[in-house]
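What follows is one structure encoded as structure tokens, with my remarks underneath.
The values are calculated or read from the model by the stated rules, or taken from the named source; none is laboratory data. From a predicted model like this one, the values you see are computed outputs, not experimental measurements. Positions of Cβ are backbone-derived with ideal geometry, glycine not excepted, and every protein chain shown enters the neighbour counts. Calculation scope for accessible area: heavy atoms of the full protein, side chains included, ligands and nucleic acids excluded. Shrake-Rupley method; radii C 1.70, N 1.55, O 1.52, S 1.80 Å.
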Amino acid sequence: MTRVNACIAMAGSAAALLLAACSQTEGEAKADGEAAAAAAGGDVAFETRPDIREGVQALPRLTGDTPAIAAINADLDRIDADTAGCDGPGTFTRTATLPMTGPGFFTVMLSDELFCEGTARPSIGFTAITYDLSTGQRVDWSTAASGLRATRSSAEGMPASYEPTLTSENLAEWYAREMLASTNADWLEQCRDRFTEEMLADDGFKIWLDARTGGLAVSADFPHVVMACAETATMTEEEMRRFGVTPAVIEAVTTARTAGNFAPKG
């Protein structure tokens, strides 16, 4: 029984008077539901923020007032607040891109460079975080891609921007095969030794949804000295299904690729 019919049944002779009020309530609930569905089901809207300081780009914020959007923005607030850089003299820079902006999921990628006085070289790295727009939480790829049989690293004591990496024999095998199929002979000559079973056994992997390529993007979390070997590979729809990626994720990222839901576009 719909809410309107229930109101008529209970109201008796007063049904005509109560029907308008009940219909209004139902309409408001429908509007709220449609607003939430729009946030989870399409290309999300976002707004840029002024730089935190020179060279440190602030993360964008999603627009909207759903609980999920509020939770995501709160996490982005925490990341922006945690950009201290070096304990002493040095420089810290950050840029951000959005590999996927819906439907259903939102990915933000941070590219950082930290150089502290007294160190031999700058620390360069990136973090990619995919949020579920229906819950407002970061996606846990150990469950959202169950066929990887992956173990997540601990985030305890880590910066707000830290995203746990995955350790997985299945993922390591797939990634090595992708890397060894490279047509870049010079790069492969330098990096081939990194893609043995023994070398990848303890390496973690970064995973995120990428609408540019329309799949689940994967990069190895290599040490700084061999970071150039950590190229990004993207799982096809068939590979995502084989590794147990949830159907909602697969449908979302393939739709996002067709729609061009990423930023910047260039």
If a residue has to be open to solvent by 30 Å² or more (accessible area, probe 1.4 Å) and in a strand (DSSP E or B) to count, how many in the range 128-145 make the cut? 2
Residue set 125, 88; condition of a type in the set (Gly, Ala, Ser), farther than 21 Å from residue 266 by Cα and not in a strand (DSSP E or B); output residue 88
For the condition aliphatic (A, V, I, L, M), surrounded by fewer than 20 Cβ atoms within 10 Å (Cβ to Cβ) and touching a Phe, Trp or Tyr at 6+ places or on another chain (Cβ under 9 Å), what is the one hit in 148, 166, 180? 180
Given the conditions (1) closer than 17 Å to residue 148 by Cβ; (2) under 21 Å from the mean Cα position of the chain (by Cα); (3) open to solvent by less than 10 Å² (accessible area, probe 1.4 Å); (4) of a type in the set (A, V, I, L, M, F, W, C), which single one is not true for residue 256? (1)
Quick check: is even one residue across the range 75-92 farther than 26 Å from residue 122 by Cβ, at pLDDT below 95 and among the charged types (D, E, K, R)? no
Got at least one residue in the range 66-86 being surrounded by 13 or more Cβ atoms within 10 Å (Cβ to Cβ) and without any contact (Cβ under 8 Å) to a residue 24 or more places away in the chain? yes
Considering only the range 194-213, I want to know if a residue exists there that is touching a Leu at 6+ places or on another chain (Cβ under 8 Å), buried (at least 19 other Cβ atoms within 10 Å of the Cβ) and of a type in the set (Val, Ile, Thr). yes
When you look at residue 160, is it hydrophobic (A, V, I, L, M, F, W, C), at negative phi, in a loop (DSSP other than H, G, I, E, B) and open to solvent by 10 Å² or more (accessible area, probe 1.4 Å), yes or no? yes
By residue number, the members of the range 197-219 that are in contact with a helix residue (DSSP H, G or I) (Cβ under 8 Å, 6 or more places away or on another chain) and at pLDDT 95 or above are 205, 207, 209, 210, 211, 212, 213, 214, 215, 216, 218
